[in-house]
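> So that we are looking at the same thing, I have put the structure below in structure tokens.
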Amino acid sequence: MRCLPIAALLLFFFCIGSVQPGRAADDEGEPMVKKFTVYPIGWIRKAEGRTTIVVEKKYQAGLLGLEKFPEVWVLYWFDRNDTPEKRSILQVHPQGNKDHPKRGVFATHSPVRPNLIAMTRCKIISVKENVIEIDKIDAFPDTPVLDLKN
């Protein structure tokens, strides 16, 4: 299992947000970014040795057929890193190890970045109603889940 926030970021901008060239520009003539809001579809839960994704009931119908797949991509928000200071960090030592030379955050798996989106491929153990049991995920309990993809 591996966290892939860079791929998630690219997917996020490609599918949800977009730059609108030719429609609006700032004072320097640069295209302006369309504003959008993302809402969680569920939450990571960890209790009694189990890891689950509890999907909001209103999205339960979207889980139809998921139980037939062995794995699912989980896109989630690094909510505990969401500060203006952490969003402004653009270079880090990979894995926090100062022996490694600095790299841009888009060349790392760093949880600090301009948009705090993460993506992990998880093994599905079961799907019951609005609860997906997975083997594990590199996210904290109560982390907001943005989307699921297969």
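> Kindly flag which residue pairs out of Lys34/Lys58; Lys46/Lys68; Lys57/Lys149; Lys86/Lys128; Lys57/Lys123; Lys86/Lys149 have an alpha-carbon separation exceeding 29 Å in this structure.
With Cα atoms farther than 29 Å apart: Lys86/Lys128.
> If you take the beta carbon distance between Lys136 and Phe106 as r and set R0 to 25 Å, what does 1/(1 + (r/R0)^6) give as a FRET efficiency, to the nearest 0.05?
0.45
> Go through the stretch 74-79 residue by residue and turn each phi into a ³J(HN,Hα) via Karplus (6.51, -1.76, 1.60, θ = phi - 60°); whole Hz please, and just put x for glycine and proline.
These are the phi-based 3J(HN,Hα) values: 10, 9, 9, 10, 6, 5 Hz.
> Still on this structure, I have one more. Using the 10 angstrom Cβ neighbour count as an exposure proxy, how do Glu129, Glu56 rank, fewest first?
The most exposed by this proxy come first: Glu129, Glu56.
> Please work out how much length the chain gains when fully extended from Asn150 to Glu71, using 0.36 nm per residue of separation minus the C-alpha to C-alpha distance, in nm with one decimal.
27.7 nm
Values in this text are rule-based calculations from the coordinates and carry no lab data. Quantities reported herein were computed from a predicted structural model and do not represent experimental measurements. Heads up, the Cβs are rebuilt from the backbone with ideal geometry, glycines too, and the neighbour counts pull from every protein chain shown.
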